[in-house]
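Here is the structure we will look at, set down as structure tokens.
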Amino acid sequence: MAAVFTHDQREQAVLSDLLASFPDFAGQPLSWEKVPDGHDPPDFMSVTRGRIGLEMVEWLDGQQMGPAKTREARRIDVLRILRANWRAEHSPQNFRAAFIDVGEKKIVPGDEAGLRKEFFEFAAAVDRIWLTHPDRIGMALNVQNFAGYPLMQKYIGSVRYLGGQPHGFCWIDVQGDGGAYDPGVAAETLEQALDKKLTDYSTADRQTHLRAQCLTELYLLVHGGFNAYAYNSPSAPFSLETIAHRGSDFYAAHAQRRVFDRVWLFDALDSADDINKLFGYPAGYGRVRFLAQLWPSFLIYAGSN
């Protein structure tokens, strides 16, 4: 079972990752201590060169994350049901993969065995007539109508079969979220994170609390990672640099609430080397460590990728 981290532990992990990749991000290496619950903000304090506070906020659209995690749960269910002991079932000879677009309904436990039976029977039927299938286009066949297979019709939106020689690996997979999206949402989410902290920190109560901390400087770190990658709209074709520029311009335009002395955007994503190996990519492909200073001047740090 994967470890479950507290909010404080996740923030500590983000800061440790930042320091490992960009140890002098603040101009020189600083030693940071977590501020105990009930005494923050800020989230971390450094006394290496005066009293410097570091506040953190995640670059994440929570309204997108909830529905996305529900869809992910549906996909995990389908893979659990269909991949179990898959080698004992029909082994396709004319197609090498089937990508399932999962439906909206949660699979009832009593339907699991029936759904599995229908899926492999349908796959066998597709395999038998693959070479003459009237709906196949080139090496691909997309099926949305599962007439005669009521449980597939109930729980599966579509299946995309890809032709070719079997590769020996499990041929059953799911399609992730796709379709049309607005890449500008990623930049807007960064602006919303900045606006939230500017609003929170500009209140009279928060300002009184900060003055009691006797801070010489106050920093803000906006951080992204797996959650944003997995559960929010993609940023492509916008680059991280383009999005960071948007955040820098947004912050500069709010002088009346500019309470942080320095602001950064840090994005971190580890590579999936098991997937890289499967598709022939080198180890480390897809790894991201990106750091941009948004304020007081715009800067992309050396070593960002």
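Numbers at a glance
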quantity: Scope segment 268-295; condition surrounded by 15 or more Cβ atoms within 10 Å (Cβ to Cβ), at pLDDT below 90 and touching a helix residue (DSSP H, G or I) at 6+ places or on another chain (Cβ under 7 Å); matching residues; calculated: 268, 269
quantity: Every pair of residues 6+ apart whose Cβ atoms lie under 8 Å, when the first sits in segment 131-149 and is at pLDDT 90 or above while the second is among the acidic types (Asp, Glu); calculated: 141/135; 142/135; 143/135; 146/118; 149/118; 149/121
quantity: Residue within segment 73-96 that is part of a strand (DSSP E or B), closer than 18 Å to residue 162 by Cβ and either in contact (Cβ under 8 Å) with a residue 12 or more places away in the chain or not aliphatic (A, V, I, L, M) (or both) present; calculated: yes
quantity: Test: residue in segment 97-119 that is part of a helix (DSSP H, G or I), in the same structural domain as residue 169 (by TED's automatic domain parsing) and within 17 Å of residue 167 (Cα to Cα); calculated: no
quantity: Among the residues listed as 186, 193, 244, 228, the single one being modelled with pLDDT of 70 or more, under 30 Å from residue 100 (Cβ atoms), in a helix (DSSP H, G or I) and not β-branched (Val, Ile, Thr); calculated: 186
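The values are calculated or read from the model by the stated rules, or taken from the named source; none is laboratory data. Remember, it's a predicted structure, so these values are computed and weren't measured experimentally. So basically every Cβ, Gly included, is an ideal-geometry build from the backbone, and we count neighbours across all protein chains shown.
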